[in-house]
1. Taking interchain pairs and intrachain pairs at least six residues apart, which have beta carbon atoms under 9 angstrom, with the first residue in the range 12-31 and without any contact (Cβ under 8 Å) to a residue 24 or more places away in the chain and the second surrounded by fewer than 19 Cβ atoms within 10 Å (Cβ to Cβ) and of a type in the set (Phe, Trp, Tyr)?
2. Pick from VAL204, VAL182: which is in contact with a strand residue (DSSP E or B) (Cβ under 6 Å, 6 or more places away or on another chain) and open to solvent by 30 Å² or more (accessible area, probe 1.4 Å)?
3. Looking only at the range 499-508, how many residues end up being open to solvent by less than 20 Å² (accessible area, probe 1.4 Å) and not small (Gly, Ala, Ser)?
4. Exactly one condition in (1) at pLDDT 95 or above; (2) open to solvent by less than 60 Å² (accessible area, probe 1.4 Å) is not met by PHE139; state its number.
5. Taking the condition open to solvent by less than 40 Å² (accessible area, probe 1.4 Å), at pLDDT 95 or above and of a type in the set (A, V, I, L, M), does ILE481 pass?
6. Within the group THR420, THR411, which residue is β-branched (Val, Ile, Thr), in contact with a Leu (Cβ under 8 Å, 6 or more places away or on another chain), assigned by the TED database to the domain that holds VAL360 and in contact (Cβ under 8 Å) with a residue 24 or more places away in the chain?
7. Residues being crowded, with 24+ Cβ neighbours inside 10 Å and not small (Gly, Ala, Ser): count how many of those fall in the range 188-200.
8. Can you name the condition, by its number, that CYS82 falls short on among (1) modelled with pLDDT of 80 or more; (2) open to solvent by 80 Å² or more (accessible area, probe 1.4 Å)?
Amino acid sequence: GCVLVVSVIEQLAQWHNSTVKAAVERLCDYIPGKYQIMCHMSRCIDKEMNADVVCHSLRLCKQDPGQPLCHLYSPPKLHPLCELMHPSTFIFLPLQKSFMGFSSVCAFPLLANLCEKIKFVLRNKLPFEDFDGDKFSTFPTLRGYHWRGRDCNDKNTTVYPGRRPDNWDSKSDSNCNGIWGVDPKDGIPYEEKFCKGADSRGIVLLGDSAGAHFHIPPEWMTVTQMSAKSFANLPMAFSDEFDWPQFSEITGFLNSTIGGWTDSLYLRLRKRNRCNHRDLQNISQNVYFHNNIAPYLSFSLARNQLLDNPAIVIYATIGNDVCNGERDTLAHMTTPKEMLSNVVQALRYLDTHLPNGSHVILTGLVDGRFLWDNLHDRYHPLGQLNKDVTYSQVYSFLDCLQVSPCSGWLTPNETLRNLTSERALQLSNVLKEIARSEKFANFDIFYMDFPLRQTAEEWRKMGGEPWQLIEPVDGFHPSQIAAALGTGITWQKALHEWPQVLGKENPFNDQIEAIFKDQGGH
């Protein structure tokens, strides 16, 4: 974190031909008030030192005994890093500990309350603002309606997205799909008229950081594009864990503001049947959990087997089981035996909670060799100004710090990349066999490969380059473009091979929309 911030400050000074102090002030003008904690580093930065030297000097970066010296930039020619690490020449050392990880950042008074909220949602995968305890919220972030359908009455635990209508919602909207009341022409409730027998269903994603749609805006690190507008979304991003589920491949529902466009399975299900409005849940997380989803399903999944509509559950942990930041990464990967146990355990839990007529789609793991092949020799956003930082350097830096999102794929070691893909294929075959052989009472089960190859082919036909399908800052996650293209490929496969999963097309969609317009869109 220190290296990133100091790099941006030094590049701002260079780009605007200003002093470091002026560059810090410029950055602080860009950043919303309570997020300006990094501004305190201004006195510690020397324009002649690169970011590694500054951060080691502050002891925000350190070299543990027996460990290599981690650095993003080439070591200075005049002064070895070790000679510049003595803190005696720096006057702001009381701040050292303030930057040593998330818990210490939370010690800042202005961020303490927000950090407590984020710790709650990280621990529970549930909305922080949920007054009736039904696991749905009227608040967008902190696991609110960016992640789950928006609650329409947060004071009534029986009112939430995805439930079957109460008395056909003749008097109020119990399932938050916006369809309620009685047609004055014939006295029939609108919900009964338009949604009865319509195969209404919701969509639930059980995923990892790719499913949560992790994204760090590149303009935060690209000084040639940086302005106050660049950081306007920082508070929202922070309280959504730097995830953007509202634009994601499975549960996206808002127009993308991070490039590309939004297309999602939820939007397509909603277009197919307007009665599915708001019936979505994105239960994904950034941290490693090695596919053992079952333990947190019990308090994160919101589905009542007796009262709610069936659901399509997408089980897509496309990399977590082979990705970790460990030095001996292969030893920390999920084994096929563990994969079988973890997935079957989760499916058995789902069978006791999903309404009858639900569906589960298991998605295979990605072949992450695509990342190194398409990015390693390109310049990272931090390196674009001076042509001095490639993705290969970023990968090595993160691996040295043992915080690489995937040591097995983000490495110059071709043998290790191949072994990681070999394990990913083994685990995908476990999922495929589960879909073939396991039977459950309340849902059928399908398997599909992660459509990376088809996505890349589709993007090439549109004139794009493969590297544009990868998040530019982390060099690891699928980009907004990849998410949108992947939706179309998944939808077409389901439409042609498993049409029962998607349900019928509702013939009343146009009438529903017309009534909404007549009523002012409510």
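The values are calculated or read from the model by the stated rules, or taken from the named source; none is laboratory data. Quick caveat, the model's predicted, so the values are computed rather than measured. In this analysis, Cβ positions are derived from the backbone assuming ideal geometry, glycine residues included, and neighbour counts consider all displayed protein chains. Remember, those area values only see protein heavy atoms, side chains included, never the ligands or the DNA or RNA. Shrake-Rupley method; radii C 1.70, N 1.55, O 1.52, S 1.80 Å.
1. ALA23/TRP15
2. After applying the criteria, what remains is VAL182.
3. 3
4. The one condition PHE139 does not meet is (2).
5. Against the criterion (open to solvent by less than 40 Å² (accessible area, probe 1.4 Å), at pLDDT 95 or above and of a type in the set (A, V, I, L, M)), ILE481 qualifies.
6. Selected residue: THR420, the only one of THR420, THR411 that is β-branched (Val, Ile, Thr), in contact with a Leu (Cβ under 8 Å, 6 or more places away or on another chain), assigned by the TED database to the domain that holds VAL360 and in contact (Cβ under 8 Å) with a residue 24 or more places away in the chain.
7. Qualifying residue count for the region: 2.
8. Condition not satisfied by CYS82: (1).
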